[in-house]
Amino acid sequence: MGVAGTLSCKQCSYSQNVFLGIGFRYIDLNSILEWYEQEEGRQHIRDFMSKEDTTFECYDGLYVCEQCKYLLNRVFFELKLGNYVYTNRYECPRCNTQMPTKPPLDEVKSGMLDCPACRETKLEMHFNNMDWD
Ligand SMILES: [Zn+2]
Ligand SMILES: [Zn+2]
């Protein structure tokens, strides 16, 4: 299941709570449709949920802007059927660049993220070691 944690910077006052991983309402398309917000994704879920060979990935991740290092904690959602792949996309709220397609889970956990505020140092990640739902 998911984990909750806090990212913080030793150089400046930047601090952000983050949620990573899979919640219990993330494991089937019916439940995802109950809370999923982006209309394009909702449409895909409705179209594909009845098809037997549909596979999907859904988890909370931390997107890192390649331009300005902004960190965006959002749901990653990808749906596949045969050769068809739909992946949700986000724009950076600070510089409007397209975020990378996939949030990098490993870098977050290994403490390799630059501070998006001062860009002077790596962020520290503290996990609360509890499930968040
Ligand atoms: Zn940006
Ligand atoms: Zn900083």
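Odds and ends about this structure:
- Set Leu33, Leu20: member being at negative phi and assigned to a helix (DSSP H, G or I): Leu33
- Answer residue from region 54-70, given it is of a type outside the set (D, E, K, R), within 16 Å of ligand 2 (Cβ to nearest atom) and surrounded by fewer than 21 Cβ atoms within 10 Å (Cβ to Cβ) and is farthest from Tyr14 (Cα to Cα) among those: Cys68
- Residues of region 1-10 satisfying the condition of being touching a Cys at 6+ places or on another chain (Cβ under 9 Å) and over 18 Å from Val64 (Cβ atoms): Lys10
- Among the conditions (1) exposed (fewer than 14 other Cβ atoms within 10 Å of the Cβ); (2) more than 18 Å from His126 (Cα to Cα), the only one that Arg25 does not satisfy is (1).
- Qualifying residue in region 41-49 (condition: within 25 Å of His126 (Cα to Cα), touching a residue at least 12 places away in the same chain (Cβ under 8 Å), surrounded by fewer than 15 Cβ atoms within 10 Å (Cβ to Cβ) and not aromatic (Phe, Trp, Tyr)): no
- Within region 7-27, residues that are without any contact (Cβ under 8 Å) to a residue 60 or more places away in the chain have Cβ atoms under 9 Å from residues that are of a type in the set (S, T, N, Q) and within 9 Å of ligand 2 (Cβ to nearest atom) in these pairs: Ser15/Ser8; Gln16/Ser8, counting only partners at least 6 apart in sequence or on another chain.
Okay, residues lined up against (1) under 14 Å from the mean Cα position of the chain (by Cα); (2) farther than 25 Å from Lys109 by Cβ; (3) within 16 Å of ligand 1 (Cβ to nearest atom):
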position: Ser8; (1), (2), (3): no, no, no
position: Ser13; (1), (2), (3): no, no, no
position: Gln43; (1), (2), (3): no, yes, no
position: Glu66; (1), (2), (3): no, no, yes
position: Val75; (1), (2), (3): yes, no, no
position: Asn83; (1), (2), (3): no, yes, no
position: Thr97; (1), (2), (3): no, no, yes
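Residue by residue, here is whether (1) away from ligand 2 (no atom under 16 Å from the Cβ); (2) over 20 Å from Phe127 (Cα atoms); (3) crowded, with 18+ Cβ neighbours inside 10 Å holds:
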residue	(1), (2), (3)
Ser8	no, no, no
Glu34	yes, yes, no
Glu37	yes, yes, no
Glu52	yes, yes, no
Asn96	yes, yes, no
Pro100	yes, yes, no
Leu105	yes, no, no
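- Any hit, region 74-88, residues being within 16 Å of ligand 2 (Cβ to nearest atom) and closer than 20 Å to Gly2 by Cβ: no
Any read-out appearing in this document is the output of simple, stated calculations on the displayed coordinates, not a laboratory observation. Model, not experiment: these values are computed from the prediction. Here the Cβ is made from the backbone with ideal geometry for all residues, glycine too, and neighbour counts use every protein chain on show.
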